[in-house]
Amino acid sequence: MSASPTAPYYDPYDAAIDDDPYPTWRRLRDEAPLYYNEQHDFYALSRFADVYAASLNWQTYSSARGTVLELIDTNTVAGNPESDPSFGMMIFMDPPRHDELRRLVSRAFTPRRVAALNVRIRELCAEFLEPQCGGPGFDYVEDFAAKIPTMVIGALLGVPKQDQDQLRRWGDLMMRLEIGTVSAEKMDAIERFGAYMQAMVDDRRRAPRDDMISDLLAVEITRDDGSNRKLDHPEVMAFVTLLEIAGSETTARLLGWASVLLARHPEQRAKLVANRTLVPNAVEELLRYEPPSPIQARFTMHAAEWHGHVVPAHSRMALLTGSAGRDEREYPEPERFDVERSLDRHVTFGYGVHYCLGASLARLEAEAVIEETLARFPEWHIDEREIEYVRTSTVRGPSRVPIHL
Ligand code: HEM
């Protein structure tokens, strides 16, 4: 919180900082563990212990005005009862509203449904990777990794195989552009995606099947007051949209990071080729080392004190999960990428009430994709100049990784 000219400066929208935010985040942890950015008017916590504690404290750090830093409206202090900034999505709600929805959807998003996707994920890997065998190389993200998550979400919901690729194309368009720049193409994709899902929901309502959409329509919980509660139509649609938003881009970036980091650390990759049982641990290390979603933003409901300074009520607070993963107070030699590191915990999937609902699916996808990749391509090379990165305030990672075989 010092104003000296040498004080650390962190701007999440500055591309030069975002290229490698880690030296800046280290300075924040050491010199300004509660950081305030005047230009963009937000506070930031960067140490593991602080991010962890604040993630648990939803009473003070609210998600109900959104969790995208620049979209949090701090001016309308009382909130506008006419508008619902959550768009019906639980990720932008606080308890008890959040918890009721989460309990309901969790009845449909079960470990059984997730585990059943293993076969489909490996089929998709074979479909995309086999044609590349014997070739000179391909774009690991564009031609492969970015296609998988939306198709897997489709399979999870019960979208027939032949439509999963179409869903992926709409998903690509929906995700491609930054918030605030809605092109006609993007609007069209949003509408078609919505119409497709709408038709699917209507169909399952008439004739339920063994799929997650049918389960979402059927699940019921009993409230504390004894009344029963089911998901209504807009809630089912909002959840389906949330899965697409929360589950596709993040997972695509994680897979992209895997292709980059394993090429940068060939000795680590060789360990995985020699011993496949290390892959699940390697996924955790990837998540710690390069979190695809490195900033979770909140709105403070009350004043709070950190490191001797006060954060006023009604402020924007950035929880820097990306910095937490490199905190030397939590991880010995955090800059070392080590697939055999003994890792008890990380906050890459968030923590507390909003802990990533899809964490087990993301892990399953990453493990299957890395195994299937290494089985066909034990070695590849990258040229750092050819890699392109996505820059949004919510997701950070490679969007193009040409790999050379
Ligand atoms: C590597 C991939 C992924 C990462 C890094 C990731 C990260 C996160 C994080 C950090 C949160 C908490 C956000 C907050 O606290 O504001 C979250 C929540 C969520 N994620 Fe993920 N996620 C991933 C994959 C997925 C997948 C595959 C799905 C589902 C298909 C999914 C669905 C969700 C949902 C529904 C929430 C909201 C939970 C709630 O509000 O209770 N995520 N994710």
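Stick to Cα atoms and the Kirkwood definition of Rh, then tell me Rg/Rh for segment 91-246. Could you put the intermediate results ahead of the total?
On the way: Rg = 17.5 Å, Rh = 17.2 Å.
Across segment 91-246, the Cα-based Rg/Rh ratio is 1.01.
May I ask you to order 18-26, 148-156 by the average number of other C-beta atoms within 10 Å around their residues, highest value first?
Numbers: 18-26: 16.2, 148-156: 25.4.
Most protected by this proxy first, the peptides run 148-156, 18-26.
With a 1.4 Å probe and all protein chains left in place, how much of the accessible area of the chain comes from carbon and sulfur atoms, in whole percent?
On the way: 9400 of 17830 Å².
Reported share for carbon and sulfur atoms: 53 percent.
Give the lysines reachable from residue 161 as a straight Cα distance under 20 Å; neighbours fewer than 8 places away on the same chain don't count.
By straight Cα distance, residue 161 reaches 147.
What ranking, highest mean first, results for peptides 118-131, 92-105, 357-370 when packing means the other Cβ atoms within 10 Å averaged over each residue?
Working: 118-131: 15.9, 92-105: 17.7, 357-370: 21.4.
Highest to lowest by the protection proxy: 357-370, 92-105, 118-131.
Which whole-angstrom value gives the distance between the alpha carbon centres of segment 307-345 and segment 233-260?
23 Å
Taking a quarter of the surface of the convex hull around the Cα atoms of segment 8-120, what do you get in nm²? Working shown, then result.
On the way: hull surface 42.1 nm².
Its average projected convex-hull area is 10.5 nm².
Which value in nm describes the separation of the simple spin-label points at residue 110 and residue 340, placed 7 Å from the Cα toward the beta carbon?
4.0 nm
Taking the radius of gyration and the Kirkwood hydrodynamic radius from Cα positions alone, what is the Rg/Rh ratio for the chain, to two decimal places? Mind showing how you got there, number by number?
Details: Rg = 21.4 Å, Rh = 22.3 Å.
Using only Cα positions, Rg/Rh for the chain is 0.96.
Write down the radius of gyration of segment 88-151 and its Dmax, each obtained from C-alpha positions, in Å.
17.7, 55
Nearest 5 percent is fine: what portion of the DSSP beta bridges confined to the chain is antiparallel? It would help to have the intermediate numbers written out before the result.
On the way: 26 of 29 bridges.
Of those bridges, close to 90 percent are antiparallel.
What number comes out for accessible area per residue over the chain if the probe is 1.4 Å? Units Å², please. Present the calculation step by step, with values, prior to reporting the outcome.
Values: 17830 Å² over 405 residues.
Accessible surface, normalised per residue, equals 44 Å².
How much length is gained if the chain between residue 202 and residue 49 is pulled fully straight, taking 0.36 nm per residue apart and subtracting their Cα-Cα distance, in nm to one decimal? Walk me through the numbers on the way to the answer.
Values: separation 153, 0.36 × 153 = 55.08 nm, distance 4.59 nm.
Extra length available between residue 202 and residue 49 comes to 50.5 nm.
Each label point is 7 Å from the Cα along the Cα-to-Cβ direction; what then is the distance between the points at residue 19 and residue 376, in nm?
3.3 nm
At most 13 other Cβ atoms within 10 Å and a DSSP loop assignment: could you name the trypsin sites (Lys or Arg not before Pro) in segment 187-257 that fit? Each step should come with its number before you reach the end.
Values: sites: 192, 204, 205, 206, 209, 223, 229, 230, 253; in loops: 209, 223.
For trypsin sites (Lys or Arg not before Pro) across segment 187-257 that sit outside H, G, I, E and B with at most 13 neighbouring Cβ atoms in 10 Å, the list reads 209, 223.
May I ask you to order 329-342, 27-40 by the average number of other C-beta atoms within 10 Å around their residues, highest value first? All intermediate terms of the calculation are to be shown ahead of the outcome.
Details: 329-342: 14.8, 27-40: 16.7.
Top to bottom by mean Cβ count within 10 Å: 27-40, 329-342.
The values are calculated or read from the model by the stated rules, or taken from the named source; none is laboratory data. Everything numeric in this text was worked out from a predicted model, so none of it was measured. Every residue, glycine among them, receives a Cβ derived from its backbone with ideal geometry; neighbour counts consider all protein chains shown. Note: accessible area is taken over every heavy atom of the protein model, side chains too, but ligands, DNA and RNA are not part of it. Shrake-Rupley method; radii C 1.70, N 1.55, O 1.52, S 1.80 Å.
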